[in-house]
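Before any comments, here is the structure.
The values are calculated or read from the model by the stated rules, or taken from the named source; none is laboratory data. Just so we're clear, the structure is a prediction, and the values are computed from it rather than from any experiment. Methodologically, a virtual Cβ is constructed for each residue, glycine included, from the backbone with ideal geometry; neighbour enumeration extends over all protein chains shown.
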């Protein structure tokens with residue numbers, strides 16, 4: 001098992017850190033909550049396995065971006081403390097301690113609990129020596145036919161320099177001895193990432209590909225003796241470093257930077273614990289890593305491979321299926337063959353994914369716009385989408401039939417850059433007008449504008465969402481989508497696109513809240529307005545992250561005035577709730593479940609007038625990056641039925657008897673499950689949405 005001499009560090013209060021939690025440590029708290037779900041014996045076994053895989057995937061990204069940034073700051077000589085009072089070096093020291101502790105828990109869980117439980121259910125991961133003769137014989141044939149041809153052993157000696165180890169690639173290191181000369185050499189074999197990591201032996205039994213390669217190393221080093229072999233994996237700085245103002249062609253600049261990313265600085269080495277000392281020293285020296293950058297493991301490396309087990313046909317080990325329903329008014333329109341546009345003209349539409357279908361709403365809206373002869377233009381922001389995207393195909397189809405299509409493709413969407421570059425090129429080939437946003441900003445807003453010629457004149461139809469236009473994640477992420485032909489909203493969105501594609505400054509919007517121009521200022525005004533009402537005020541925020549110091553301080557001030565503040569924060573939270581004289585009227589909870597809680601929803605009890613709440617949905621979290629460095633949009637929700645829907649969601653997520661994690665005044669997250677009897681908030685919402693749909697179907 002992985003072992004560490006470190007114990008979990010406690011939050012250090014002092015300076016201004018007694019008012020503001022460290023962002024990076026707060027993120028690790030979030031990943032610990034994910035790990036806690038993997039440890040929960042009440043959850044179905046394969047769902048626990050899924051969370052164990054997500055924990056590993058999350059940590060990979062944290063190293064590539066956040067730890068990489070701290071290392072860069074330290075190497076640049078930056079010693080200034082952050083808002084929580086920690087220098088970059090102090091942050092990194094505490095982060096490593098926490099990670100070692102979490103890794104130990106994670107590996108113990110997988111080795112001692114999950115894998116044995118899976119094995120008892122017939123889902124097994126074998127080592128080579130555990131296989132039967134017939135199984136080994138079959139795998140040898142598989143190796144000869146499918147694996148051996150794509151392997152390339154790379155020896156290290158004076159004539160062969162140390163090979164480049166690409167980011168997150170799984171590698172086999174071998175110490176190879178020449179029996180004639182007795183000379184020992186280090187050699188590396190990259191495990192091809194295009195091959196399945198887990199090779200099926202039979203049924204739901206698998207063997208990791210590295211076990212098969214390791215057992216056949218003699219085929220790669222004929223006439224040599226294999227002294228030992230082990231696996232290792234290198235993590236590199238994967239953040240793009242673009243000088244946008246100097247880039248004449250942003251698309252070409254991103255493509256170049258993606259190639260450079262492969263050669264980013266090494267920041268972590270994962271390695272099997274039986275690695276020979278001389279091999280470890282060689283890797284440390286060549287990769288320029290220190291002991292704190294190295295983690296040793298007894299289990300196979302890269303436990304994201306556990307996600308492969310989810311494909312097992314074992315519904316008894318998974319959550320029950322929750323098929324999405326078609327939103328009531330859209331279902332009625334489909335039955336009467338009415339267009340999406342006629343439904344929106346009748347009244348704005350609010351949809352809640354994935355409880356309500358993304359395919360029948362957002363995808364269908366864009367598909368109908370692409371084929372409608374009355375549609376004059378379609379404009380869209382595209383931050384993340386899937387490799388096979390029905391929405392992108394609809395946009396291409398529209399452009400090819402002569403519709404003016406404009407797509408703002410965000411090339412800097414982290415870890416989706418390559419996908420977005422590919423779509424940008426395909427769009428351009430189809431005649432789509434492709435733009436890349438504003439220098440120095442990421443366009444994170446989720447907006448579509450459809451302009452349609454109608455008998456009454458030209459009309460604008462708008463979609464504003466909290467989630468990406470990604471068909472794959474729309475089945476897994478909880479999000480809100482809002483459709484409207486409100487002339488004021490339409491004018492605001494049209495102005496936003498003029499700002500993004502042309503030279504309009506776009507500084508004034510009548511209904512939308514837009515970053516980076518005024519969103520923080522407007523949010524602070526809304527918080528201040530509730531503060532003025534004191535105990536009659538109320539604030540609810542459902543967000544992914546809260547880290548903006550000005551927003552945090554404004555919420556503290558509201559709490560001191562007696563305002564009840566409820567924060568539903570999935571990930572990072574730098575605010576400390578429940579502290580007398582500072583935040584005693586603030587509660588913070590985190591809801592984690594089968595769906596990733598992704599929507600951003602805001603409620604201010606007296607936003608427009610006393611007792612007339614302001615409801616907002618959109619793309620913006622309360623983070624400095626969202627408020628200062630991104631184009632974000634929040635839109636008001638005004639129809640009473642839509643407000644009632646959001647209110648029902650808030651009420652469900654804030655129920656005292658639902659499973660959740662609460663953040664305490666001591667800055668510690670605690671799971672609240674009512675001794676295993678707590679309710680699943682997402683299941684409650686699913687059941688409610690299904691009941692609403694049944695009632696609407698009966699009434700129609």
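Return the only residue of 172, 199, 165, 125 being closer than 22 Å to residue 225 by Cβ and touching a residue at least 24 places away in the same chain (Cβ under 8 Å).
Matching residue, one of 172, 199, 165, 125: 172.
If we scan the stretch 440-452, do we find a residue that is part of a loop (DSSP other than H, G, I, E, B) and free of Cβ contacts under 8 Å to residues at least 60 places away in the same chain?
There is no residue in the stretch 440-452 that is part of a loop (DSSP other than H, G, I, E, B) and free of Cβ contacts under 8 Å to residues at least 60 places away in the same chain.
With respect to the numbered conditions (1) in a strand (DSSP E or B); (2) at pLDDT 95 or above; (3) farther than 19 Å from residue 482 by Cβ, which one is the sole condition not fulfilled by residue 379?
(3)
Considering the stretch 50-86 alone, what residues qualify as being part of a helix (DSSP H, G or I) and under 24 Å from residue 548 (Cβ atoms)?
58, 61, 62, 64, 65, 66, 67, 68, 69, 70, 72, 73
Scan the helices (runs of 4 or more DSSP H) fully inside the stretch 173-264 and keep the ones with 1 or more residues being touching a helix residue (DSSP H, G or I) at 6+ places or on another chain (Cβ under 8 Å), at pLDDT 70 or above and assigned by TED's automatic domain parsing to the domain that holds residue 138.
Correct list: 209-215, 217-220.
Looking at the stretch 74-85, I want the residues that are assigned by TED's automatic domain parsing to the domain that holds residue 265 and have a partner that is at pLDDT below 90 with Cβ atoms under 7 Å, at least 6 apart or on another chain. Which pairs are those?
Nothing qualifies.
Would you mind finding the one in 165, 213, 226 that is closer than 20 Å to residue 147 by Cα and within 29 Å of the chain's Cα centre (by Cα)?
Result of the check over 165, 213, 226: 165.
Does residue 108 count as over 30 Å from residue 20 (Cβ atoms) and loosely packed, with under 12 Cβ neighbours inside 10 Å? If you could, list the steps in order and put the result at the bottom.
Working: over 30 Å from residue 20 (Cβ atoms): yes; loosely packed, with under 12 Cβ neighbours inside 10 Å: no.
No.
Looking for whichever is modelled with pLDDT of 95 or more and surrounded by fewer than 17 Cβ atoms within 10 Å (Cβ to Cβ) here; the options are 644, 605. Which one fits? Please lay out each step first, then the result.
Values: 605 fails: surrounded by fewer than 17 Cβ atoms within 10 Å (Cβ to Cβ).
Unique residue meeting the criteria: 644.
Could you list, in sequence order, the residues of the stretch 276-333 that are outside any helix (DSSP H, G or I), farther than 30 Å from residue 593 by Cα and either assigned by TED's automatic domain parsing to the domain that holds residue 346 or touching a helix residue (DSSP H, G or I) at 6+ places or on another chain (Cβ under 8 Å) (or both)?
289, 290, 294
Is it the case that residue 411 is at pLDDT below 85, part of a loop (DSSP other than H, G, I, E, B) and buried (at least 22 other Cβ atoms within 10 Å of the Cβ)?
Numbers: at pLDDT below 85: yes; part of a loop (DSSP other than H, G, I, E, B): yes; buried (at least 22 other Cβ atoms within 10 Å of the Cβ): yes.
Yes, satisfied.
Of these, 526, 513, 519, 496, which one is within 19 Å of residue 629 (Cβ to Cβ), out of contact with any helix residue (DSSP H, G or I) (no Cβ under 7 Å at 6 or more places or on another chain) and in contact (Cβ under 8 Å) with a residue 60 or more places away in the chain?
Details: 526 fails: within 19 Å of residue 629 (Cβ to Cβ); 513 fails: out of contact with any helix residue (DSSP H, G or I) (no Cβ under 7 Å at 6 or more places or on another chain); 519 fails: out of contact with any helix residue (DSSP H, G or I) (no Cβ under 7 Å at 6 or more places or on another chain).
Going through 526, 513, 519, 496 in turn, the sole match is 496.
If residue 655 passes every condition in (1) part of a helix (DSSP H, G or I); (2) free of Cβ contacts under 8 Å to residues at least 40 places away in the same chain but one, which one does it miss?
(1)
Assigned to a loop (DSSP other than H, G, I, E, B) and either touching a strand residue (DSSP E or B) at 6+ places or on another chain (Cβ under 9 Å) or under 25 Å from residue 61 (Cβ atoms) (or both): is that true of residue 165 in this structure?
Here the answer is yes, as residue 165 does meet what is asked.
Inspect all residues belonging to the stretch 364-373 and state whether any of them is farther than 30 Å from residue 683 by Cα, touching a residue at least 12 places away in the same chain (Cβ under 8 Å), part of a loop (DSSP other than H, G, I, E, B) and not assigned by TED's automatic domain parsing to the domain that holds residue 635. Break it down stepwise before answering.
Going residue by residue through the stretch 364-373, those that are farther than 30 Å from residue 683 by Cα are 367-373.
From the residues that got through so far, the ones that are touching a residue at least 12 places away in the same chain (Cβ under 8 Å) too are 367-372.
Pick out the ones that are also part of a loop (DSSP other than H, G, I, E, B) and you get 372.
Those still in the list that are not assigned by TED's automatic domain parsing to the domain that holds residue 635 too: 372.
Yes, there is a match, as at least one residue in the stretch 364-373 is farther than 30 Å from residue 683 by Cα, touching a residue at least 12 places away in the same chain (Cβ under 8 Å), part of a loop (DSSP other than H, G, I, E, B) and not assigned by TED's automatic domain parsing to the domain that holds residue 635.
Filter the stretch 614-631 down to residues that are modelled with pLDDT of 95 or more and in a strand (DSSP E or B) and give me whichever is farthest from residue 565 (Cα to Cα).
Looking at the filtered set, the residue picked out is 618.
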